[in-house]
Ligand SMILES: NC(=O)c1ccc[n+]([C@@H]2O[C@H](COP(=O)([O-])OP(=O)(O)OC[C@H]3O[C@@H](n4cnc5c(N)ncnc54)[C@H](O)[C@@H]3O)[C@@H](O)[C@H]2O)c1
């Protein structure tokens, strides 16, 4: 009997519709070859939802996402909604989905695809293939913050001039659950885990380091490396191919994952996954935005979204064969020289052919 998965599809705005349709086409084709049925339900979020319902994340969308097995998101936002008040901006939909679905781990693979090495700003990037696991719902973005006004009385004196503060707060439970995801991922890969922290200065970082060392006893095959974040930022540039899985806090992960994204260049190529409790739907999306400048022109690179669908099959459903077949089809398509506009400058110019969203999607399906 065929296995069945219910996917909530949230195209969002700009190129969102084109890239999610492309990814679903590929996903359906790859799944049917493995006796898997994909059912999709389209939901509205972002600017499209503001236009239709007056708010970026309607109840129907968050409810539909919760009822699904996994969520595929395009991107939200665009100049049309730039003047909307902050609480109602399209980007609030992403935060609402993350908190509504309890997605505490963001997983971003950083891979240089064969033929796209020239997209890296590094001179000799080598073979880069690592994953960043970023804690997503704790840390300084969610800790107590505020401003003390000049003249406020604190226990240790009166404030002279205003004081603004943010606090980095992590519980053992929050750290352990993300460490476990990272250790488990490392076990399935090259068995090396790098913890990035600032344990020489921050108390919370020392807790991360102690817990990581404790957990490493349960994973004797995984080599645990601990790096201070400033050093890690340098090492990502100087020895990127030495990393396998990197795990870190919300703030450090936010910064390092953008740095890592740049190392492999092309924004249209990079997928991501956000996951939470086991058995609950995860959210899969490309890392780029809604690219309003090229929306509706058959110019969007759908490969980041297609690769996000592959991540969904592997991480959510354990469908390694389907995931691999999609990733391999993307590799073959790039090797055949097909490129969308954002990556045309990359590769051997004799072999490279500029195509649109529809044509590159068709080629991926043919290469499955
Ligand atoms: N997760 C999200 O939904 C998300 C993330 C980032 C930005 N945004 C929003 O997207 C809107 C546009 O933001 P931006 O212009 O700063 O970033 P962007 O990523 O949308 O675009 C930056 C540049 O990259 C190009 N580009 C992006 N994705 C591409 C693709 N798949 N194929 C080909 N070219 C691609 C665009 O054409 C543009 O020139 C803003 O409203 C922003 O807030 C949303």
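The values are calculated or read from the model by the stated rules, or taken from the named source; none is laboratory data. This structure is a prediction, so every number in the text was calculated from the model and none was measured. Here Cβ is always computed from backbone atoms with ideal geometry, including for glycine, and neighbour counts include all displayed protein chains.
Residues in the range 49-77 that are within 20 Å of the chain's Cα centre (by Cα), within 14 Å of the ligand (Cβ to nearest atom) and in a loop (DSSP other than H, G, I, E, B): 57, 76, 77. Inspection of the range 292-301 finds no residue satisfying the criterion of being surrounded by fewer than 24 Cβ atoms within 10 Å (Cβ to Cβ), within 29 Å of residue 171 (Cα to Cα) and out of contact with any helix residue (DSSP H, G or I) (no Cβ under 9 Å at 6 or more places or on another chain). The set of residues in the range 110-121 being touching a helix residue (DSSP H, G or I) at 6+ places or on another chain (Cβ under 8 Å) and buried (at least 17 other Cβ atoms within 10 Å of the Cβ) consists of 110, 112, 113, 115, 116, 119, 120. Can you spot a residue in the range 91-101 that is free of Cβ contacts under 8 Å to residues at least 60 places away in the same chain, under 27 Å from residue 294 (Cα atoms), touching a helix residue (DSSP H, G or I) at 6+ places or on another chain (Cβ under 6 Å) and within 16 Å of the ligand (Cβ to nearest atom)? No, the conditions are met nowhere in the range 91-101.
Within the range 219-234, the set of residues being more than 14 Å from residue 133 (Cβ to Cβ) and under 21 Å from the mean Cα position of the chain (by Cα) comprises 229, 233. Of the residues that sit in the range 15-48 and are part of a loop (DSSP other than H, G, I, E, B) and either over 18 Å from residue 91 (Cα atoms) or touching a residue at least 60 places away in the same chain (Cβ under 8 Å) (or both), which one is farthest from the ligand (Cβ to nearest atom)? Step by step, filter the range 15-48, then rank; the result is 35. Would you pick out the residues in the range 81-109 that are at pLDDT below 95, over 18 Å from residue 286 (Cβ atoms) and part of a helix (DSSP H, G or I)? Hits for the range 81-109 are 86, 87, 88, 92, 96, 99, 100. Listed by position, the strands (runs of 3 or more DSSP E) enclosed by the range 111-230 that each have at least 1 residues that are within 27 Å of residue 267 (Cβ to Cβ), touching a strand residue (DSSP E or B) at 6+ places or on another chain (Cβ under 9 Å) and at pLDDT 90 or above are 129-135, 192-197, 223-228. From the list 293, 342, the lone residue that is within 16 Å of the ligand (Cβ to nearest atom) and either assigned to a strand (DSSP E or B) or at pLDDT 95 or above (or both) is 293.
Report yes if residue 167 is in contact (Cβ under 8 Å) with a residue 24 or more places away in the chain and surrounded by 18 or more Cβ atoms within 10 Å (Cβ to Cβ), otherwise no. Answer is no for this residue.
Against the numbered list (1) in contact (Cβ under 8 Å) with a residue 40 or more places away in the chain; (2) surrounded by 17 or more Cβ atoms within 10 Å (Cβ to Cβ); (3) within 12 Å of the ligand (Cβ to nearest atom), residue 125 comes up short only at (3). When residues in the range 257-290 are screened for being under 12 Å from residue 15 (Cβ atoms) and part of a strand (DSSP E or B), 1 of them pass.
Selection of the range 312-339 for residues being within 16 Å of the ligand (Cβ to nearest atom), part of a helix (DSSP H, G or I) and in contact with a helix residue (DSSP H, G or I) (Cβ under 7 Å, 6 or more places away or on another chain) yields 330, 333.
Every test in (1) within 15 Å of the ligand (Cβ to nearest atom); (2) over 26 Å from residue 71 (Cβ atoms); (3) in a loop (DSSP other than H, G, I, E, B) is passed by residue 301 save one, and that test is (2). Annotation note: of 359, 285, the sole residue that is within 19 Å of the chain's Cα centre (by Cα), within 16 Å of the ligand (Cβ to nearest atom) and at pLDDT 90 or above is 285.
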